[in-house]
Amino acid sequence: MSPKRAYRSKIRILADMMQCIQEEGEEGAGPTKILYSANLSHDRLTQYLEELIEKDLIVQMDENSSNKTYRLTEKGRDFLREFAKMERFSEAFGIEI
Amino acid sequence: MQDITPDQLGAILLLETISATIALLVSHYSNKAFRFTQQKRLADLSTGFLVLSAGMYGRVLGILYAAVSSNLETLTIVVIATSFMRIMAYVLFVVSTRHTISKMTPELVMFMQIPLLVDFNLETVGLILLVIVVLQSLMNYMSTRSRYGLYVLVGFVLLLLSHSAIVTNSGYLLSQILQLLAFLALLVMLLKVGREE
């Protein structure tokens, strides 16, 4: 029997994806790396990547290349910093986000 | 029956005002976190601190008004209403965390007696709710070992001790000092959360 998967909020999934991209630095992260790191299905990954690009939180590095890689924008880095603060605050009260 | 001197009453109201302001800050930050994350329990926490803060401000204003007007009825209403607000706030904490004064005449000194500032039945209900909140905070700290969680645990333990001081008749001023220390622990947590990377 597989262990019960903990519920992850949408913001947590987006933050997990962005943390994976941040860890790759200036080189950026490819979809496969993000998919495994954030533990997502391909459809979900595509949907969330589009949403992150739309919100200017990440950018695709070379739009003409067949190998898609993504890196964080300044807005994305601010988002992750704010997320870390909110996470510390919530966890102090035993609230998971 | 323990009398409160005008100086003590001034200190009590000042301490309560500072505590209420810190509670308002925590409410604001919880609401900010809620808007960012859409986690409903943060909205409950924010409402809890807002109700607690409003209750404390209400108590300060009510006591001031009663002191100036020498109106005992007003004081009774204020004490019961604000005690209910505290209980509402603690209920919200249970839900969200589950794992001063012008110179007074001697007559006023007689009039301001501890049992008039406290409804013992409601304080006992508040005490029971706070025991649950403390236990939940303890479980949270034991599982996360986060120092931010420790500040919250210390804050709620001090708030519990503050209510215990009232229920055991150890002194209203002592209770207010403990309450202020509780909110200062939460303020330190809030400052550290915002500053540390």
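The values are calculated or read from the model by the stated rules, or taken from the named source; none is laboratory data. Here the structure is a predicted model, which means the values were calculated and not measured. Neighbour counts run over all protein chains shown; Cβ positions are idealised from the backbone, glycine included. All accessible areas refer to the heavy atoms of the entire protein, side chains included, with ligands and DNA or RNA removed. Shrake-Rupley method; radii C 1.70, N 1.55, O 1.52, S 1.80 Å.
A few points about this structure:
- Among the numbered conditions (1) within 14 Å of chain A (Cβ to nearest Cβ); (2) in contact with a Phe, Trp or Tyr (Cβ under 9 Å, 6 or more places away or on another chain), the only one that B:Ala67 does not meet is (1).
- Of all residues making up segment B:130-159, the number that are open to solvent by 30 Å² or more (accessible area, probe 1.4 Å) and of a type outside the set (Gly, Ala, Ser): 15
- Scan of segment A:47-58 for residues that are on the phi < 0 side of the Ramachandran plot and surrounded by fewer than 16 Cβ atoms within 10 Å (Cβ to Cβ), ordered by number: A:Gln47, A:Glu50, A:Glu51, A:Ile53, A:Glu54, A:Lys55
- Only one of the listed residues (B:Ala67, B:Ala33) is assigned to a helix (DSSP H, G or I), open to solvent by less than 50 Å² (accessible area, probe 1.4 Å) and modelled with pLDDT under 90. That residue is B:Ala67.
- Among the residues making up segment A:1-28, those that are at pLDDT 90 or above and either open to solvent by less than 70 Å² (accessible area, probe 1.4 Å) or of a type in the set (Val, Ile, Thr) (or both) are A:Ile11, A:Arg12, A:Ile13, A:Leu14, A:Ala15, A:Asp16, A:Met17, A:Met18, A:Gln19, A:Cys20, A:Ile21.
- Residue selected from segment A:53-95 under the condition under 18 Å from A:Glu24 (Cβ atoms) and among the polar types (S, T, N, Q), by the criterion nearest to the other protein chains (Cβ to nearest Cβ): A:Thr73
- Residue match in segment A:78-91 (condition: touching a helix residue (DSSP H, G or I) at 6+ places or on another chain (Cβ under 7 Å), open to solvent by less than 40 Å² (accessible area, probe 1.4 Å), more than 30 Å from B:Leu191 (Cβ to Cβ) and modelled with pLDDT of 90 or more): no
- On inspection, B:Ile114 fails the criterion of being at pLDDT below 90, in contact with an Asp or Glu (Cβ under 6 Å, 6 or more places away or on another chain) and open to solvent by less than 20 Å² (accessible area, probe 1.4 Å).
- Filtering segment B:36-64 to residues that are more than 9 Å from every other protein chain (Cβ to nearest Cβ), surrounded by fewer than 23 Cβ atoms within 10 Å (Cβ to Cβ) and out of contact with any helix residue (DSSP H, G or I) (no Cβ under 6 Å at 6 or more places or on another chain) leaves B:Lys40, B:Ala54, B:Leu61, B:Leu64.
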